[in-house]
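Q: Got a structure for you, written out below as C-alpha cells; questions coming shortly.
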Amino acid sequence: MDEHAFDVLYERYWASIYNSAFRRLFDTNKASEVTQEAFFQLWLNKDQTTAEGVIVFLLKVVRNEIFKLMEKECIEIVSPATMLFEDMLPGAN
C-alpha cells in the first residue's frame, strides 16, 4: 500500500471507523484518538494488510484500543488498589 492508497482508504473509512468508536465510547475526543490509532496501526502494518481485510483490521484495532482505554480508566479509578480494601486490613480501624 502506498501513500495514495492509504489516503483513499482514510477518506473512505474514517467516518465509519469513528462512528464505530463513538457508539461505544460516547466521547468525541476518545473516539477521535481511537480512530487515529486505528489508521496509524494500518499504516504501520500496510504490508501485511490486504485490501479486502482493511475494514476488519481497522475494527479490530478499534476494539482493542477501547479495551485498553477501559482497562486504563478502571485502573485510574481504583488506583492504588489497596485503598479499596484498607478497611479490611488488620489494625485499620
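Q: Need one number: nm distance between label points at Phe26 and Glu3, each 7 Å from Cα along Cα→Cβ, rounded to one decimal.
A: 4.1
Q: Could you calculate, for segment 11-70, the ratio of the Cα radius of gyration to the Kirkwood radius, expressed as Rg to Rh? Spell out each step's value before the answer.
A: On the way: Rg = 10.8 Å, Rh = 11.3 Å.
Across segment 11-70, the Cα-based Rg/Rh ratio is 0.95.
Q: For the peptides 48-57, 19-28, what is the packing order when you average, over each peptide's residues, the other Cβ atoms within 10 Å and list the highest mean first? Each step should come with its number before you reach the end.
A: Values: 48-57: 12.3, 19-28: 15.5.
Highest-to-lowest ranking by the protection proxy: 19-28, 48-57.
Q: Let me ask something else. On full extension of the chain, what length is gained from Lys68 through Leu44, given 0.36 nm per residue of separation minus the C-alpha to C-alpha distance?
A: On the way: separation 24, 0.36 × 24 = 8.64 nm, distance 1.89 nm.
That pair, Lys68 and Leu44, stretches by 6.7 nm at full extension.
Q: Let me ask you something else. Less than 20 Å apart at the alpha-carbon level, and either on another chain or at least 8 residues along: which lysines does that give for Lys30?
A: Output for Lys30: Lys60, Lys68, Lys72.
Q: Mind ranking 7-15, 60-68 by how tightly packed they are, going by the mean number of other C-beta atoms within 10 angstrom, highest first? Numbers along the way, then the final one.
A: Numbers: 7-15: 13.4, 60-68: 16.0.
With the highest mean Cβ count within 10 Å placed first, the list reads 60-68, 7-15.
Each reported figure results from applying straightforward, stated rules to the coordinates on display, with no laboratory input. Note that the structure is predicted; figures quoted are calculated from it, not measured. Positions of Cβ are backbone-derived with ideal geometry, glycine not excepted, and every protein chain shown enters the neighbour counts.
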